[in-house]
Amino acid sequence: MLVTSYDISNDKVRTKFSKFLCKFGRKLQFSVYEIRNSDRILRNIKKEIELHYKKQFTGADSVMIVPLCEQCRKKIVRYGYAENDDKEVVVFD
């Protein structure tokens with residue numbers, strides 16, 4: 001699992017970066033994403049950021065990628081709506 005946050009000054013770069021992250025994870029806050037996927041996909045995401053997006057970032061921009069191991073993920077404390085994130089949901093039609 002990755003938690004990614006960003007503060008990017010260029011609107012075009014910020015929009016592209018946000019859309020890229022949306023493909024793999026879900027938005028927790030305005031510029032914070034949680035990405036749960038296989039280790040291979042997580043590595044590919046970091047590689048894509050390194051190869052494609054990093055050169056577009058300026059000195060004023062900030063991007064943080066925080067990898068969380070399974071044991072760390074289990075220690076996350078959630079409140080409010082976030083409490084339901086790890087619960088199984090059953091939908092009946």
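The values are calculated or read from the model by the stated rules, or taken from the named source; none is laboratory data. Given the structure is predicted, the values throughout are model-derived calculations rather than measurements. Cβ placement follows ideal geometry from the backbone for every residue including glycine, while neighbour counts extend to all protein chains displayed.
Report, by residue number, each residue of segment 23-80 that is surrounded by 10 or more Cβ atoms within 10 Å (Cβ to Cβ), assigned to a loop (DSSP other than H, G, I, E, B), without any contact (Cβ under 8 Å) to a residue 24 or more places away in the chain and of a type in the set (A, V, I, L, M). Within segment 23-80, just Ile76 meets the criteria. Any idea which of (1) within 14 Å of the chain's Cα centre (by Cα); (2) at pLDDT 90 or above is the one Leu51 doesn't satisfy? For Leu51, the failing item is (1). The residues of segment 36-50 that are within 15 Å of Val13 (Cβ to Cβ) and not acidic (Asp, Glu) amount to a single one, Ile49. Give the residues of segment 6-22 that are assigned to a strand (DSSP E or B) and surrounded by fewer than 16 Cβ atoms within 10 Å (Cβ to Cβ), sorted by residue number. Asp7 - this is the single residue of segment 6-22 that is assigned to a strand (DSSP E or B) and surrounded by fewer than 16 Cβ atoms within 10 Å (Cβ to Cβ).
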